[in-house]
Amino acid sequence: MKIAIASDHAAFAMKGEIAQWLLEIGHEVADLGPDSDARVDYPDYGYKLGAAIADGSATRGIAICGSGIGISIAVNRHPAARCALVSEPYSATLAREHNDANVLALGARLTGIDMAKVCILSFLAAEFAGDRHVGRVEKLSNPPIFANKA
């Protein structure tokens, strides 16, 4: 599977370790940065990851920042991206099965490397369940326009 991975400075070390591990277990990895632990802005890397999913250069994505919150919000700004922040494997599985998530977000300051790997394995192994979830997932990429009721 082609997996794009991106982080901010707080998660630079975890990103490198996960990217190497993904290569070792047989995946193709596109490291979208950053290239060092120098301070960067997580939105820049979250947007890059969302774009990689949208243009098809990656099948799945992994987004990591200190908490996982900021970069997941940035990734989700792209309508083609469905990024789920998780800290344990069951949520990673449900994100794929029920929400057809294509990006997994992790918090490097909150989730240890071993738990991160278990979450990633669960995420990559799970399949979208389809059925009753299809219409809901379609709404995520095509939200209705809300009228101003002021």
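Could you give me the residue pairs with C-beta distances under 9 Å whose first residue belongs to the range 104-119 and is over 16 Å from residue 69 (Cα atoms) and surrounded by fewer than 22 Cβ atoms within 10 Å (Cβ to Cβ), whose second residue is modelled with pLDDT of 95 or more and among the small types (Gly, Ala, Ser) wherever it lies, and which are 6+ apart or on separate chains? So the pair list comes out as 115/87; 118/92.
Residue by residue, here is whether (1) free of Cβ contacts under 8 Å to residues at least 40 places away in the same chain; (2) touching an Asp or Glu at 6+ places or on another chain (Cβ under 8 Å); (3) at negative phi; (4) among the hydroxyl-bearing types (Ser, Thr, Tyr) holds:
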site	(1), (2), (3), (4)
46	no, no, yes, no
53	no, no, yes, no
77	yes, no, yes, no
88	yes, no, yes, no
93	yes, no, yes, yes
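Filtered by the rule that a residue be surrounded by 17 or more Cβ atoms within 10 Å (Cβ to Cβ) and farther than 15 Å from residue 52 by Cβ, the range 5-33 gives 8, 9, 10, 11, 12, 14, 18. Are any of the residues in the range 66-80 crowded, with 19+ Cβ neighbours inside 10 Å, at pLDDT 95 or above, over 11 Å from the mean Cα position of the chain (by Cα) and hydroxyl-bearing (Ser, Thr, Tyr)? Yes, the range 66-80 contains at least one residue that is crowded, with 19+ Cβ neighbours inside 10 Å, at pLDDT 95 or above, over 11 Å from the mean Cα position of the chain (by Cα) and hydroxyl-bearing (Ser, Thr, Tyr). Could you tell me whether the range 131-139 includes any residue that is surrounded by 14 or more Cβ atoms within 10 Å (Cβ to Cβ), in contact (Cβ under 8 Å) with a residue 12 or more places away in the chain and out of contact with any His (no Cβ under 6 Å at 6 or more places or on another chain)? So far as the range 131-139 goes, yes, one or more of its residues are surrounded by 14 or more Cβ atoms within 10 Å (Cβ to Cβ), in contact (Cβ under 8 Å) with a residue 12 or more places away in the chain and out of contact with any His (no Cβ under 6 Å at 6 or more places or on another chain). Only residues that are crowded, with 20+ Cβ neighbours inside 10 Å and either outside any loop (DSSP other than H, G, I, E, B) or among the small types (Gly, Ala, Ser) (or both): list them for the range 86-103, please. 92, 95, 96, 101, 103 - these are the residues of the range 86-103 that are crowded, with 20+ Cβ neighbours inside 10 Å and either outside any loop (DSSP other than H, G, I, E, B) or among the small types (Gly, Ala, Ser) (or both). Among the criteria (1) modelled with pLDDT under 95; (2) of a type in the set (Phe, Trp, Tyr); (3) within 14 Å of residue 3 (Cα to Cα), the one residue 123 does not fulfil is (1). I'm checking my understanding of the structure. Among residues of the range 126-150 that are part of a loop (DSSP other than H, G, I, E, B), in contact with a Lys or Arg (Cβ under 8 Å, 6 or more places away or on another chain) and more than 14 Å from residue 91 (Cβ to Cβ), which one is modelled with the lowest pLDDT? This residue is 128.
The values are calculated or read from the model by the stated rules, or taken from the named source; none is laboratory data. Note that this is a predicted model, so its numbers are computed, not measured. Here Cβ is always computed from backbone atoms with ideal geometry, including for glycine, and neighbour counts include all displayed protein chains.
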